[in-house]
Amino acid sequence: MKLFDSERKIMEVLWREGKIPAGQIVKILKEETGWNRNTTYTVIKKCVDKGAVKREEPGFVCSALVSRQEIQDYETEELIDKMFDGSREKFFAAFLDGKKLSKQEVGQLKKLIDELE
């Protein structure tokens, strides 16, 4: 599922706070981004229409229907398909090209690769 930056802001609040009323999301995003009530409700509705957010009554209580990991996985795959012809090898080669990694970072990457095998 593709989320726009504005929709991601709603999701970040829900992932962090859990199930909360839309009015509370309004307060949080007013403080964090300066959004007004109408903007926040409009973006919540877009998230509901996409199936990313569940709205319950009474109280217009919202909860996330997709996890942060699901969105990250989708967006990573989309990036690899779009920029690297679907090749994870090309992606990693470009990502690591010219970068100096610490021994700890190299160890973590090796561990991740071992877990995939």
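So for the chain, averaging the separation of alpha carbon pairs under 8 Å that are six or more residues apart and normalising by length, what relative contact order in percent results?
24 percent
If amide H atoms are built 1.01 Å from N in the plane of the peptide, which residues on other chains or at least 5 residues away come under 5 Å of the amide H of F60?
none
Report the calculated FRET efficiency for D97 and W15 (r = Cβ-Cβ distance, R0 = 41 Å), to the nearest 0.05.
Calculated transfer efficiency: 0.80.
Arrange I20, I44 by Cβ neighbour counts within 10 Å, fewest through most, would you?
I20, I44
Against the longest principal axis of the chain, how steep is helix 22-33, in degrees 0 to 90 to the nearest 10, with axes from Cα atoms?
So the helix axis and the longest Cα principal axis differ by about 60 degrees.
Of [x] 7; [y] 25; [z] 40, which is the value of percent of Cα pairs over 26 Å apart derived from the coordinates here?
Label [z] holds the value from this structure.
Just to be sure I understand the model, the point goes 7 Å from the Cα along the line to the Cβ. What's the resulting Q69 to K54 distance in nm?
Roughly 1.8 nm, to one decimal.
Where a number appears in this text, it was derived from the coordinates with a stated rule and is not lab data. Every value quoted in this text rests on a predicted model; they were computed, and no experiment measured them. Note that each Cβ is placed from the backbone with ideal geometry, even for glycine, and that neighbours are counted across all protein chains shown.
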